[in-house]
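Okay, so here's the structure we're looking at.
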Amino acid sequence: MNRKIVFLSDINTTDITPILYGSEKCLPNYSYGPIARNTYILHYVLSGKGYLEIGGKKFDICAGQLFVIKPNEMAFYKADELDPWHYSFVNFNTTLTLPALLNSYCIDDSGFAHIFKAFSEYSEADISNVYYICGKLFELFSYIESETPQLAISSFALKAKNYIETFYNTHITIEGIAKQLSIDRRYLYFLFKKQFNMSPQQYLVDFRMKKAAYFLTVHNLSPGETALLCGYPDVFSFSKMFKQKFNVSPLNYKKIMD
C-alpha cells in the first residue's frame with residue numbers, strides 16, 4: 001500500500017474547510033468501510049478500478065472517474081483484484097450549495113484530473129496550504145458548474161446505454177433506469193436524446209431487435225425462445241415490435257436469412 005495523507009491546520013475558512021487530502025495506491029482487494037463520516041469526500045481515480053457501495057447501490061468505478069461520498073452516508077469501497085485503483089482524494093466541509101452534479105455518486109470526466117494530481121503532489125501542511133486546497137476546490141466546483149450540461153450528458157446517457165445493453169433481456173423500463181440513476185425520467189430522455197440522437201426507449205427497442213435477429217439466425221432459435229431472451233414474455237408483443245423494425249415477421253425473417 002502506497003499512501004500519502006496530509007492533515008491540514010485546524011482553521012475554519014468562510015465557505016470551505018478542508019480537513020485532509022492525499023493519495024492512495026491500493027493493494028488488490030483493499031477495502032474501506034462500511035463507514036459514515038461527517039465530511040464530504042471526493043476520490044478521483046488516477047488509474048485502475050474498483051467499486052463503491054452506497055445507498056444500497058453498487059457503482060463500478062475506473063480511471064478518469066470521480067466518486068462522491070456525502071456527509072453521514074454509509075459507504076464501502078473496494079479495489080479491484082487484478083487492477084487495483086490509485087486515487088487522489090480530499091475531505092472537506094462546506095456551507096456552500098455545491099454543483100448539482102455532485103449529488104451523483106460517480107462522475108465521468110478527465111477535465112479535472114490536474115486538480116486531483118495537485119492534491120497527490122502538494123505535501124505542505126501549513127496555513128498557506130489551507131488556502132491552496134480551498135482554491136483548488138473552488139476551481140473544481142467552477143469547472144463542474146460550467147461543464148455540467150456536457151458532463152451530465154456523457155455520464156448519465158452512457159450509464160443508461162450501458163444499463164440497457166446489460167439488462168435488455170429483463171423487464172426493464174426507462175422509468176426504472178432513471179430511478180437507478182437517481183434522475184428524473186424526462187431529464188434522462190433529454191440527455192439521452194442529445195447524446196445519441198434517439199430516445200432511451202427507442203434505443204432499448206432497437207437493441208433488443210438487433211439481438212433478436214442475431215438469435216433467430218445465428219443460433220437458429222424459435223420466435224418464442226428469442227422473445228424470452230430479449231425481454232418479451234409475450235411472443236405476440238415481440239413479433240409486433242420485430243415486424244415494425246424489419247417489416248417482416250420473426251418466422252419469415254428466419255426463412256429469408258437461411
Inter-part distance where the range 202-252 and the range 11-46 are each reduced to a Cα centre, Å: 48 Å
Globularity index of the range 179-218, i.e. its alpha-carbon radius of gyration over 2.2 N^0.38 Å: 1.45
Estimated distance in nm for a label pair at Asp234 and His171, the labels positioned 7 Å out from Cα along Cα-to-Cβ: 1.2 nm
FRET efficiency for Ser222 and Arg185, using Cβ-Cβ distance with R0 set to 25 Å, rounded to 0.05: 0.15
D (Stokes-Einstein, µm²/s), Kirkwood Cα radius, the range 198-258, 1.306 mPa s at 10 °C: 141 µm²/s
Difference of contour (0.36 nm per residue) and Cα-Cα distance, Phe76 to Lys210: 44.5 nm
All lysines inside 16 Å of Lys49 as judged from Cα atoms, apart from same-chain residues fewer than 8 positions distant: Lys25, Lys58, Lys78
When the chain is reduced to its Cα atoms, the Kirkwood hydrodynamic radius in Å: 20.7 Å
Proximal lysines to Lys194, defined as alpha-carbon separation beneath 17 angstrom and excluding residues fewer than eight positions away on the same chain: Lys159, Lys161
Tail weight of P(r) past 15 Å, computed on alpha-carbon pairs of the range 24-71, percent: 47 percent
Value of Rg/Rh across the range 2-148 [Cα atoms, Kirkwood radius]: 0.94
Long-range amide H partners of Ser47 with built H, under 5 Å: His86
Under 23 Å from Lys254, Cα to Cα: lysines that are on another chain or at least 8 residues apart: Lys210, Lys211, Lys240, Lys243, Lys245
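Here, each number is a calculation from the coordinates, and none is a lab measurement. On a predicted model such as this, the values are computed, not experimentally measured, just so you know. Cβ coordinates were reconstructed from backbone atoms using ideal geometry, including for glycine residues, and neighbour counts include every protein chain displayed.
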